[in-house]
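Below you'll find the structure, written out as structure tokens, and then a few comments.
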Amino acid sequence: MHVFDLIATIIFISGLFIFINTFFLKLPSSLGLMILTIVLSLILGLASNLFPSLNIISEIQEFDFNQVLNQFVISFILFAGGLTMDINKLGKQKAVVIIISIAGAMISTMVIGTILYFILNGLSIEINYMYSLIFGAVISSTDPISATNTTKRFALPKILLVKVEGESLFNGAFSVVLAFVLYHLEIIAESEEITFFAISEILVLELVGGVAIGLALGFLGHYLLRFISNDDVHIEVLITIALVLVGSFISGYFSIYSKTVSLVMGLLIGNLGREKDGEGSVGYYVYKFWFLIEQTMAVMLFVLMGMEMLAIEWKLEYFMAGFFAVNVVLLGRWLGVFIPVKILSASFEFDKNTIPVMTWSAFRGGLPIVLILALESFPGKDLLITMTYVVVVCSMLFQGFTLPMLMRERFPEIKKDAAETV
């Protein structure tokens, strides 16, 4: 099986899953896809045992998706998220959302990484502290698609809805940056002593360099799109695709591991090209195209996650570590929201249900799985993949099915039938 055959298979299964969930399960997409992903893993695992000649697991293990995920999928997801994010909708909440996103991701990373480091090593499951922090950053990344699709089903106060949707995007993007910064530091630490200069160089490359390249390409893209009629949808779409690919190439050339370039470029083009009274330099169909790309890749990541679980070494202690991680991740998320909200509440307005809603609606989707798989092989990678899988599954199923109860309790005015559709 060639790589394109595998990709075609993933696309076919993704389409099949959407059909089954839409017409039969009729569950919210995140929940339905997660359940179908688990069923897929069980079916493929059973088939590989009953029919060893098919070599299903070995076929999956042969493919290294590292570069594809790192240079293609993550960049496209972040660009699409940035493009479709209307900053104007945040209004006066811009500063609050960005501060909570950055501070929350950092607090969550430290809490999760540190606690799991001591718990796992106490259970004789060896893990490097830096890789434990990397896991904390990766798993702190929330799924903006799941969060938005879920919260829109409830009649939340506007001030709370804006915070939830905005924070989910910026939190996910910053967690990606943080994960790759920590990973880059660990790579250097394995070969030489970490110095203040080395740390400064990485931060400049990752943050300043990524933002600079993103701004440059974003302004270039906006400039080019101004001269193209919105009726020429294919040209506008091709330009945006080309910019993402060029951004990935340039960031790779300068050893910028973060995907800040794609996010900044998407935010700039999307917001400069959007006007209040109608189409701007970016046509409506361009936004629809990238929204479709974002939704499609989200589905494909669920399928890839189910297939990847067959390719790693299954150990009971890894799954046990994963269930410990579920509780630690929730604690980290709660502290990551609680601390900045309490500090900012002296200067900004918050709905009284901000902390519980932002904590419980923070679903972990396919992005954490992609981030882990995108990293080069290292000792303990199977442990982190397993823990990430367990946390994502539990997040989607447990939080997904219990969120309506939280909403009914916190917002009694919500209609019962509306809450039950989540």
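May I ask you to verify whether Val392 is surrounded by 22 or more Cβ atoms within 10 Å (Cβ to Cβ), under 22 Å from Lys152 (Cα atoms), touching a Leu at 6+ places or on another chain (Cβ under 7 Å) and touching a residue at least 24 places away in the same chain (Cβ under 8 Å)?
The answer is no for Val392.
Which residue pairs have Cβ atoms under 9 Å apart, sit 6 or more places apart or on different chains, and have a first residue in the range 346-370 that is free of Cβ contacts under 8 Å to residues at least 12 places away in the same chain and over 12 Å from Ser395 (Cβ atoms) and a second that is surrounded by fewer than 24 Cβ atoms within 10 Å (Cβ to Cβ) and among the charged types (D, E, K, R)?
Lys352/Arg410
Considering only residues that are touching a residue at least 60 places away in the same chain (Cβ under 8 Å), hydrophobic (A, V, I, L, M, F, W, C) and in a helix (DSSP H, G or I), which ones fall in the range 111-144?
Across the range 111-144, the qualifying residues are Val111, Ile112, Ile115, Leu116, Ile119, Leu120, Ile134, Phe135, Val138, Ile139.
Being hydroxyl-bearing (Ser, Thr, Tyr), touching a residue at least 40 places away in the same chain (Cβ under 8 Å) and in a helix (DSSP H, G or I) is the filter here; which residues of the range 241-271 pass it?
Within the range 241-271, Ser248, Ser251, Thr260, Ser262 meet the criteria.
Evaluate the following for His222: is it of a type outside the set (Gly, Ala, Ser) and over 13 Å from Val282 (Cα atoms)?
Answer is no for this residue.
In the set Thr388, Thr359, which member is of a type in the set (Ser, Thr, Tyr), out of contact with any Pro (no Cβ under 8 Å at 6 or more places or on another chain) and on the phi < 0 side of the Ramachandran plot?
Thr359
Yes or no: Ser168 outside any helix (DSSP H, G or I), closer than 30 Å to Val244 by Cβ and touching a Pro at 6+ places or on another chain (Cβ under 8 Å)?
no
Which residues, taken from the range 154-200, are surrounded by 15 or more Cβ atoms within 10 Å (Cβ to Cβ), at pLDDT below 80 and farther than 30 Å from Asp351 by Cα?
Ala198
What's the number of the only condition in (1) at pLDDT 80 or above; (2) among the aliphatic types (A, V, I, L, M); (3) more than 18 Å from the chain's Cα centre (by Cα) that Ile57 fails to meet?
Failing condition for Ile57: (1).
Would you point out which residue out of Leu292, Leu316, Leu310 is surrounded by fewer than 22 Cβ atoms within 10 Å (Cβ to Cβ), under 30 Å from Gly45 (Cα atoms) and without any contact (Cβ under 8 Å) to a residue 60 or more places away in the chain?
Unique residue meeting the criteria: Leu316.
I need the full set of residues from the range 85-101 which are surrounded by 18 or more Cβ atoms within 10 Å (Cβ to Cβ) and in a helix (DSSP H, G or I), in order please.
Within the range 85-101, Leu90, Gln93, Val96, Val97, Ile100, Ser101 meet the criteria.
Condition check ((1) of a type in the set (A, V, I, L, M, F, W, C); (2) at pLDDT 90 or above) across all residues:
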{"position": "Ile202", "(1), (2)": "yes, no"}
{"position": "Leu207", "(1), (2)": "yes, no"}
{"position": "Ala212", "(1), (2)": "yes, yes"}
{"position": "Gly218", "(1), (2)": "no, yes"}
{"position": "Leu224", "(1), (2)": "yes, yes"}
{"position": "Asn230", "(1), (2)": "no, no"}
{"position": "Ile235", "(1), (2)": "yes, yes"}
{"position": "Ile241", "(1), (2)": "yes, yes"}
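Kindly state which helices (runs of 4 or more DSSP H) lie completely within the range 318-416 and contain at least 1 residues that are farther than 20 Å from Ser101 by Cα, of a type outside the set (S, T, N, Q) and at pLDDT 90 or above.
Answer list for the range 318-416: 381-394.
Any idea which of Gly365, Gly336, Gly322, Gly332 is surrounded by fewer than 23 Cβ atoms within 10 Å (Cβ to Cβ) and touching a Ser or Thr at 6+ places or on another chain (Cβ under 7 Å)?
Exactly one of Gly365, Gly336, Gly322, Gly332 is surrounded by fewer than 23 Cβ atoms within 10 Å (Cβ to Cβ) and touching a Ser or Thr at 6+ places or on another chain (Cβ under 7 Å), namely Gly322.
Looking at Ala311, is it assigned to a helix (DSSP H, G or I), farther than 27 Å from Val162 by Cα and small (Gly, Ala, Ser)?
No; evaluated as a whole, the condition is false for this residue.
Select from the range 201-238 the residues that are among the acidic types (Asp, Glu) and assigned to a helix (DSSP H, G or I) and write down the one among them that is surrounded by the fewest Cβ atoms within 10 Å (Cβ to Cβ).
Looking at residues that are among the acidic types (Asp, Glu) and assigned to a helix (DSSP H, G or I), I get Glu201.
What residue, of Leu203, Leu238, Leu178, Leu220, is without any contact (Cβ under 8 Å) to a residue 24 or more places away in the chain and within 22 Å of the chain's Cα centre (by Cα)?
Leu203
Look through the range 278-300, keep the residues that are assigned to a helix (DSSP H, G or I) and of a type in the set (Ser, Thr, Tyr), and return whichever of them is nearest to Leu83 (Cα to Cα).
Top of the filtered list is Tyr287.
The values are calculated or read from the model by the stated rules, or taken from the named source; none is laboratory data. The structure displayed is predicted, hence computed values, not measured ones. Cβ: placed from backbone, ideal geometry, glycine included. Neighbour counts: every protein chain shown.
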